[in-house]
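**Q** Take this structure, written in structure tokens, and hold onto it; I'll ask about it next.
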Amino acid sequence: MPNSEIEQLSIDTIRALSMDAVQQANAGHPGTAMALAPIAYLLYTEVLHHNPASPHWPDRDRFVLSAGHACVLQYSALHLSGYNLSLEELKRFRQWQSATPGHPERGHTEGIEITTGPLGQGVANGVGMAIAERFLAARFNRPHHEIVDHRVYAICSDGDLMEGISSEAASLAGTNGLGKLVYFYDDNRISIDGTTEISFTEDRGARFEAFGWHVQHVADVNDLDALRAAITEAQAETRRPSLIVVRSHIAYPAPHAIDTAKSHGSPLGADEVAATKKAMGWDPELHFHVPDEVYAHMNRVDRGNELETEWHQRLSSWSQSFPREREVWDAAWAGRIGSWTLPEWKPGDDLATRDAGKAVMQAFKDAVPTMIGGAADLVESTKTEFTGAGLFSPDWVGRNIAFGIREHAMGSIVNGIAAHGGCVKPYGSTFLIFSDYMRPSVRLSALMGLPVVWAWTHDSVGLGEDGPTHQPVETYAALRAIPNLWFVRPADANETAWAWKVALEREDGPVALSLSRQKVPTLDRSDVASAKGVEKGAYTLWESGPSPELLLLSTGAEVGLALEAGKRLAGEGIAVRVVSMPCWELFEQQPVDYRDEVLPPDVGARLSIEPGVALGWHKWVGDHGDSISIEHFGASAPGPTVLEQFGYNLDNVVARAAALLERVA
Ligand SMILES: Cc1ncc(C[n+]2csc(CCOP(=O)(O)OP(=O)(O)O)c2C)c(N)n1
């Protein structure tokens with residue numbers, strides 16, 4: 001059946017708005033938005049269970065535009081379906097402080113679920129959302145009480161499927177049978193450098209079938225009935241994720257720009273916009289024009305209110321039957337942590353901070369019953385799991401996700417879980433060195449301000465025999481360079497408990513924990529300050545007396561060494577202070593009085609002790625200070641040997657401190 005007049009007019013309105021917005025901005029990506037207008041039309045008017053008047057309603061369907069460059073498509077659909085996104089904002093596409101930035105940004109534009117743009121990310125984010133949906137459904141639904149039941153739709157492009165992260169995520173989605181996923185793959189065979197024949201030739205559908213997906217093909221994106229039929233089938237398939245491969249022609253129906261790579265990322269030009277409007281039967285003089293009947297046809301506020309009201313009725317009947325569960329539900333959606341008791345360790349309980357981390361996780365496990373996460377096939381080593389809480393699998397919905405060896409997708413999946421809501425503090429874990437494999441997702445977690453935890457272990461050359469490929473050296477500096485990421489390197493077991501507390505309580509961004517493979521001494525808190533100091537990012541751990549002349553600054557496993565050196569130096573009559581600095585970012589947020597109290601400005605003799613590059617330490621040790629650092633890659637040998645050889649031993653710290661004092665005095 002041909003599309004009805006109003007359907008076609010609505011689709012063409014999306015196309016016209018997309019062309020006009022890009023033309024006005026003189027920047028953006030018109031081609032894909034124009035071509036995919038029929039999918040956006042169907043999603044926003046017929047398919048999505050959403051409420052434009054209430055974009056955060058928990059049981060809404062989620063939509064992810066993984067091909068974030070085509071965001072003008074989504075902005076047009078949001079506007080037309082009644083979200084709080086005005087035509088004025090479309091006219092200000094890509095302008096300073098507009099609600100229509102160059103790629104979709106979570107928290108910036110109502111109706112945008114997640115920040116996309118780095119290709120491939122959205123594919124994995126959606127997998128995270130589907131994991132969250134399934135977990136929450138298993139946790140809260142009861143027979144005849146389905147309060148969690150929604151789908152995750154996404155649009156992805158050639159670039160998304162070329163990026164390896166999408167294969168990682170799709171493989172995991174297939175393994176877990178995430179049947180609530182419905183992805184559209186825009187098979188337009190064009191990317192920036194031209195035809196995809198030069199770079200991307202395998203059978204994508206077959207690849208997804210091999211991943212365990214249910215794959216369908218639609219020969220023409222403009223055939224609404226074919227799209228509808230495929231969507232209905234995808235929805236009916238509950239045991240496998242669905243991919244709908246849709247053939248489209250970029251920039252359709254522009255007479256000259258169609259099927260050209262140029263239309264991917266450049267405005268069509270005024271003449272081509274006019275020619276396209278003519279081809280659609282539109283007046284080329286009209287810009288940002290929305291026919292009244294299109295507003296009337298596409299607005300979904302009433303329908304959305306109905307859907308949401310109906311869900312609230314289900315929720316309240318469930319709440320009456322299960323009042324205790326309702327409390328858990330409310331805490332989960334508010335991101336609230338229940339009360340828990342921090343484990344405490346005594347001097348002599350020497351253990352690796354990764355082992356302390358494991359104990360801490362069991363201590364707060366019940367305080368965050370909807371916290372889920374896992375490691376990239378390293379639970380044996382990272383020790384990050386909720387013991388007894390089961391595995392997340394097609395047959396059993398436990399709290400421990402086996403991400404497999406897929407760090408990049410793990411990062412984005414965790415971001416997707418957090419963006420979904422309801423699963424408090426999702427986490428991902430691997431060796432610190434492999435944070436490099438997750439860096440794009442970690443950066444996005446910081447950009448979005450997502451409350452996630454990155455738990456990284458084996459956090460220095462002290463890991464030993466695995467050698468330089470596994471030994472982080474530049475990694476602390478690289479992570480500290482990411483804005484809005486808190487990087488916490490606790491000194492001992494008790495600091496680890498406080499570090500986890502900080503991580504659980506942060507609401508507006510990610511916290512990275514850096515934990516040791518090797519045992520570290522548990523500091524005697526009757527002799528040194530309380531580990532609560534972690535909450536301030538840095539604190540005076542110990543000092544020989546008032547008015548120090550020398551500051552020893554350290555993090556993580558090396559704090560014990562700094563303390564020993566401090567005591568030796570004090571024995572030699574030097575007024576020394578040892579400062580534990582587990583989290584620079586938190587310390588930077590403290591009032592200047594506190595910072596000056598911990599690091600008195602008039603003390604120039606400051607020595608930092610951390611087994612990584614000195615980059616960044618200048619900020620704390622100042623012009624006169626010094627750093628015991630590692631400015632080269634590590635080496636394969638037992639950990640104590642490597643540390644010893646690189647200067648992390650008592651004699652060297654004492655000698656370097658003495659030399660520094662002599663120079664500065
Ligand atoms: C990780 C990443 N690498 C590169 C880019 C830059 N980039 C944006 S769109 C694009 C090509 C996209 O081609 P395709 O995915 O087929 O999108 P279409 O042309 O169909 O819109 C590239 C390379 C990006 N956004 N993300």
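The values are calculated or read from the model by the stated rules, or taken from the named source; none is laboratory data. This structure is a prediction, so every number in the text was calculated from the model and none was measured. Quick reminder, even Gly has a Cβ in these numbers, built from the backbone with ideal geometry, and neighbours come from all protein chains shown. Please note that ligands, DNA and RNA were not included when accessible areas were found on the heavy atoms of the full protein model with its side chains. Shrake-Rupley method; radii C 1.70, N 1.55, O 1.52, S 1.80 Å.
**Q** Could you check region 450-473 and list, in sequence order, the residues that are within 13 Å of Met438 (Cβ to Cβ) and part of a strand (DSSP E or B)?
**A** Val453, Trp454, Ala455, Trp456
**Q** For region 564-591, how many residues are part of a helix (DSSP H, G or I), of a type in the set (A, V, I, L, M) and open to solvent by 20 Å² or more (accessible area, probe 1.4 Å)?
**A** Number satisfying all stated conditions: 1.
**Q** Something else: From the list Thr341, Thr309, pick out the single residue that is in a helix (DSSP H, G or I), over 22 Å from Thr382 (Cβ atoms) and open to solvent by 30 Å² or more (accessible area, probe 1.4 Å).
**A** One residue alone meets the criteria, Thr309.
**Q** Identify, please: which residue in region 235-266 is among the charged types (D, E, K, R) and over 17 Å from Leu48 (Cα atoms) and is, among those, most open to solvent (accessible area, probe 1.4 Å)?
**A** If we take residues in region 235-266 being among the charged types (D, E, K, R) and over 17 Å from Leu48 (Cα atoms), then Arg239 is most open to solvent (accessible area, probe 1.4 Å).
**Q** Provide a single number: the residues in region 260-280 that are touching a helix residue (DSSP H, G or I) at 6+ places or on another chain (Cβ under 9 Å) and either over 27 Å from Val64 (Cβ atoms) or within 13 Å of the ligand (Cβ to nearest atom) (or both).
**A** Of the residues in that region, 14 qualify.
**Q** Please verify whether Gly411 is buried (at least 24 other Cβ atoms within 10 Å of the Cβ) and assigned to a helix (DSSP H, G or I), treating the condition exactly as stated.
**A** Yes: the conditions hold for Gly411.
**Q** Determine if region 28-47 includes at least one residue that is touching a Lys or Arg at 6+ places or on another chain (Cβ under 9 Å), away from the ligand (no atom under 16 Å from the Cβ) and outside any helix (DSSP H, G or I).
**A** No, the conditions are met nowhere in region 28-47.
**Q** For residues that are out of contact with any strand residue (DSSP E or B) (no Cβ under 7 Å at 6 or more places or on another chain) and either of a type in the set (Ser, Thr, Tyr) or surrounded by 19 or more Cβ atoms within 10 Å (Cβ to Cβ) (or both), tally how many sit in region 617-646.
**A** 9
**Q** While we're on this one: Take the conditions of a type outside the set (Val, Ile, Thr), surrounded by 12 or more Cβ atoms within 10 Å (Cβ to Cβ) and in a helix (DSSP H, G or I) and apply them to Arg314. Does it pass?
**A** It is true that Arg314 is of a type outside the set (Val, Ile, Thr), surrounded by 12 or more Cβ atoms within 10 Å (Cβ to Cβ) and in a helix (DSSP H, G or I).
**Q** Give me the residue from region 176-191 that is within 13 Å of Val246 (Cα to Cα) and assigned to a strand (DSSP E or B) and, out of that set, farthest from the ligand (Cβ to nearest atom).
**A** Val182
**Q** Going by the conditions given, is Ser81 within 16 Å of the ligand (Cβ to nearest atom), out of contact with any strand residue (DSSP E or B) (no Cβ under 8 Å at 6 or more places or on another chain) and open to solvent by less than 10 Å² (accessible area, probe 1.4 Å)?
**A** No, not satisfied.
**Q** Additional query: Filter region 200-234 down to the residues that are open to solvent by less than 50 Å² (accessible area, probe 1.4 Å), part of a helix (DSSP H, G or I) and either among the hydrophobic types (A, V, I, L, M, F, W, C) or farther than 16 Å from Leu172 by Cα (or both) and list them by number.
**A** Arg204, Gly205, Ala206, Phe208, Leu224, Ala226, Leu227, Ala230, Ile231, Ala234
**Q** What number of residues in region 84-114 are open to solvent by less than 10 Å² (accessible area, probe 1.4 Å) and either under 13 Å from the mean Cα position of the chain (by Cα) or within 16 Å of the ligand (Cβ to nearest atom) (or both)?
**A** The number of residues fulfilling the criteria is 2.
Conditions tested, residue by residue: (1) open to solvent by 30 Å² or more (accessible area, probe 1.4 Å); (2) assigned to a loop (DSSP other than H, G, I, E, B).
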{"site": "Val127", "(1), (2)": "no, no"}
{"site": "Phe135", "(1), (2)": "no, no"}
{"site": "Ala138", "(1), (2)": "yes, no"}
{"site": "Asp149", "(1), (2)": "yes, yes"}
{"site": "Ile155", "(1), (2)": "no, no"}
{"site": "Gly159", "(1), (2)": "no, no"}
{"site": "Ala170", "(1), (2)": "no, no"}
{"site": "Gly174", "(1), (2)": "no, no"}
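**Q** Another question, if that's okay. Could you check region 151-175 and list, in sequence order, the residues that are among the polar types (S, T, N, Q) and away from the ligand (no atom under 12 Å from the Cβ)?
**A** Ser167, Ser171, Thr175
**Q** Looking only at region 414-443, how many residues end up being buried (at least 23 other Cβ atoms within 10 Å of the Cβ), of a type outside the set (Val, Ile, Thr) and outside any loop (DSSP other than H, G, I, E, B)?
**A** Number satisfying all stated conditions: 13.
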